[in-house]
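Written below as structure tokens is the structure these notes are about.
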Amino acid sequence: MRIHESTRYHRAEGRAGAAVLASFAMVAVSLTFSPQASAVAASGTTPASTPTCTPIPAADGNEPLCNPFLADSPWPAAQRNSYAQGSSPLPGPTGPADRIGVSQVGATGAPVFINFSPEYPDGKRVIWASTVGFTGEILKIDPETNQLIDKYVPGLEGGNAFVRPGVSGAYNLVDADNRFIVGTGDSIQIFGDVDPDERSSSIARLHVFELPEQARCGDDELVGITMTYDGRVAFATKNGIVGTVARSPEAMNADSLRILSINGTDCASLPADAREDVSNSIAADEDGGIFVVTSGALYRFDEDQDGLEQVWRTEYQGAGLTGAGRLGGGSGSTPSLMGTGAGDDRFVVITDGQEQVHLDLMWRDEIPADWEPIRPGADPRIACEVPITYGQAPGSPSLSEQSVLVRGNSAVVVNNFQGLNSVLSLVPAQLQTFTQLLSGLPGNVPRGIERVDWNPETRECDTVWSNPDVSIPNGIPTMSVATNMFYGIGARGGVWTLEGLDFDTGEVTLTVPTTPLPTSNSFYAATTIGPDGSIFTGTFGGMTRFRQCAANEPCERLGPVEAAVGQVPLKPEPLLRYLFGLPN
């Protein structure tokens, strides 16, 4: 493990303008103490109809403003919140490894993002998850028992039985009314409970909003989705349509739609190599910003009652380039927002598409008046452009298909460059996802994690540590403020693992082995911290839970049968629901 204490990648003079910081501070203070007030003003609703959210206390003081239109939950959306930071103030497991219980829920598809509901009348929660694969099934899981409550299989409910393998359907969120919202194919679908007061209720599909022709660019499909701070569902399609729509089933229709085409009104007539595509999700902040990265550039759009407006567009290096396991060209990361408090420098954070991946920080709001470009010809919006070596030889090829983990002024990037990249890159684009089934094999496994911090005093990015040995082959990592640990799904000697690293040093402090089976492969899934301190992750065969066992308590072990098919119910109706889903 290599520590870099003083590596710096930008020099600039002075500080941001006092007037700019003062205006940000006034906004941040008012929003911190009254998150619902901004939403009321923006949406025009009355206080009585405006949901509220409960901020989770964070020891580091770096928790983003909670979005009152997301579920009042510790993890209500993909990448956890509208800021898409992927970090949590809650504790995760600390070990030792033999005191971490491991169990599996089986599924036909792969749940990439696992989100938690608000509390039901009994004071407990459920997990909602959508899947990518051939069935597009929706899962509802009891996080305490790690057992399936219900699954909704579109093919049994009159929907399409086949879903194209890819990113559409991966991103999702739970709103303040415990409605599970997913963008899949050409429609936004809303799911909920048959009985909203009953945690064990079966799943109902509440609404399907098929995007009208003007909200699609030719043969298009939904990719990214998030919740704005004024309570609208924001989305981006593969071919570059960005839009918002009302979140409630009765109002989610063409009349409430606001859209903008990145590729122009005639985008469907453009050749593929002249079009900017979207292969990641999107982020939103409390000031109305919606952040989208395409194969060519990073964008900020602002929304008001009149529609969407492009505020800025900044190109990054390596645009359009790709590699093995990539879901699209250029950047492989959902934009993550950095800067949560009054007076913080505020950025959008992505990785670029260069042969050796770089971490890019871009000014989220106005560029400080005294800011100088980081290099001749660079867009002044770029605050940092850091080569990520992962502690390996300078210039070594690297790649990241995962969102950047952000906490405070820190960003962590994992390496997804497979040893067989030159061969696997030849696999057709529509099958690239399946190359990740090989990413845990010895000799092919990617290695390397790196933490980079923004220093607000020097206005430079510093590499804090690099660990060239640990592998997080294809999953999205997380971190816990309470335990000060980084968590990710790793691979060692062909066996899939949970890896825990000290966030300050990058030293490994926890390794929990599972199995070498493909059903233990994280397959692009996010590592999620649950309300009880457990780690949850989607896999190619369902969902795995890592639970800190109490003293003198039996600790469950993951056997090969459970790893392959999950915990199989013995009673007839739960068994049928587990295997096939039952029409609801």
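Quick rundown of the values:
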item: Residue that is surrounded by the most Cβ atoms within 10 Å (Cβ to Cβ) [pool: residues in region 68-99 that are over 16 Å from the mean Cα position of the chain (by Cα) and among the charged types (D, E, K, R)]; result: Asp72
item: Count of region 532-550 residues which are at negative phi and in a strand (DSSP E or B); result: 11
item: Every pair of residues 6+ apart whose Cβ atoms lie under 7 Å, when the first sits in region 394-406 and is free of Cβ contacts under 8 Å to residues at least 60 places away in the same chain and crowded, with 24+ Cβ neighbours inside 10 Å while the second is part of a loop (DSSP other than H, G, I, E, B) and among the aromatic types (Phe, Trp, Tyr); result: Ser398/Tyr390; Ser398/Phe417
item: Only one of Gly169, Gly158 that is at pLDDT below 95, in a loop (DSSP other than H, G, I, E, B), under 21 Å from Thr226 (Cβ atoms) and small (Gly, Ala, Ser); result: Gly169
item: Restricting region 439-453 to residues that are modelled with pLDDT of 95 or more and crowded, with 24+ Cβ neighbours inside 10 Å, the residue that is farthest from Leu517 (Cα to Cα); result: Val452
item: Of all residues in region 479-514 being assigned to a loop (DSSP other than H, G, I, E, B) and open to solvent by 40 Å² or more (accessible area, probe 1.4 Å), the one that is modelled with the lowest pLDDT; result: Gly493
item: Pairs where the first residue, in region 96-111, is within 10 Å of Thr519 (Cα to Cα) and the second is open to solvent by less than 10 Å² (accessible area, probe 1.4 Å) and part of a helix (DSSP H, G or I), C-beta under 6 Å, 6+ apart; result: Gln104/Ala563
item: Tally of residues being surrounded by fewer than 19 Cβ atoms within 10 Å (Cβ to Cβ) and either touching an Asp or Glu at 6+ places or on another chain (Cβ under 6 Å) or of a type in the set (Gly, Ala, Ser) (or both) across region 353-372; result: 1
item: Any hit, region 283-291, residues being within 23 Å of the chain's Cα centre (by Cα), surrounded by 23 or more Cβ atoms within 10 Å (Cβ to Cβ) and without any contact (Cβ under 8 Å) to a residue 40 or more places away in the chain; result: no
item: Criterion violated by Ile529 - all others in (1) in contact (Cβ under 8 Å) with a residue 40 or more places away in the chain; (2) closer than 23 Å to Gln85 by Cα; (3) surrounded by fewer than 24 Cβ atoms within 10 Å (Cβ to Cβ) satisfied; result: (3)
item: Test: Gly538 is open to solvent by less than 10 Å² (accessible area, probe 1.4 Å), in contact with a Pro (Cβ under 7 Å, 6 or more places away or on another chain) and either aromatic (Phe, Trp, Tyr) or modelled with pLDDT of 95 or more (or both); result: yes
item: Residue check for Leu424: open to solvent by less than 20 Å² (accessible area, probe 1.4 Å), of a type in the set (A, V, I, L, M), closer than 26 Å to Gly109 by Cα and touching a helix residue (DSSP H, G or I) at 6+ places or on another chain (Cβ under 9 Å); result: yes
item: Contacts under 6 angstrom Cβ, first residue in region 119-147 being open to solvent by 10 Å² or more (accessible area, probe 1.4 Å), partner among the hydroxyl-bearing types (Ser, Thr, Tyr) and part of a loop (DSSP other than H, G, I, E, B), 6 or more apart; result: Arg125/Ser117; Thr135/Thr108
item: Subset of region 47-67 that is of a type in the set (S, T, N, Q) and closer than 22 Å to Ile114 by Cβ - its residue that is surrounded by the fewest Cβ atoms within 10 Å (Cβ to Cβ); result: Thr54
item: Residues that are over 20 Å from Gly133 (Cα atoms) and touching a Ser or Thr at 6+ places or on another chain (Cβ under 7 Å), drawn from region 425-447; result: Val445, Pro446, Arg447
item: Considering residues of region 100-118 that are open to solvent by less than 10 Å² (accessible area, probe 1.4 Å) and within 17 Å of Arg179 (Cβ to Cβ) only, the residue farthest from the chain's Cα centre (by Cα); result: Ser117
item: Residue within region 255-272 that is crowded, with 22+ Cβ neighbours inside 10 Å, of a type in the set (Lys, Arg) and touching a residue at least 12 places away in the same chain (Cβ under 8 Å) present; result: no
item: Residue check, Ser200 of a type in the set (S, T, N, Q), part of a loop (DSSP other than H, G, I, E, B), in contact (Cβ under 8 Å) with a residue 40 or more places away in the chain and surrounded by fewer than 21 Cβ atoms within 10 Å (Cβ to Cβ); result: yes
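Yes or no, residue by residue, for (1) of a type in the set (D, E, K, R); (2) within 27 Å of Asn67 (Cα to Cα); (3) assigned to a strand (DSSP E or B):
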site: Pro91; (1), (2), (3): no, yes, no
site: Thr94; (1), (2), (3): no, no, no
site: Val112; (1), (2), (3): no, yes, no
site: Glu119; (1), (2), (3): yes, yes, no
site: Trp128; (1), (2), (3): no, yes, yes
site: Gly136; (1), (2), (3): no, no, no
site: Ile141; (1), (2), (3): no, yes, yes
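The values are calculated or read from the model by the stated rules, or taken from the named source; none is laboratory data. Predicted, not measured: the structure shown is a model, and the values here were computed from it. Note: ideal-geometry Cβ built from the backbone for every residue, glycine included; neighbour counts use all protein chains shown. These area figures cover heavy atoms from the full protein model, side chains too; ligands, DNA and RNA do not enter into them. Shrake-Rupley method; radii C 1.70, N 1.55, O 1.52, S 1.80 Å.
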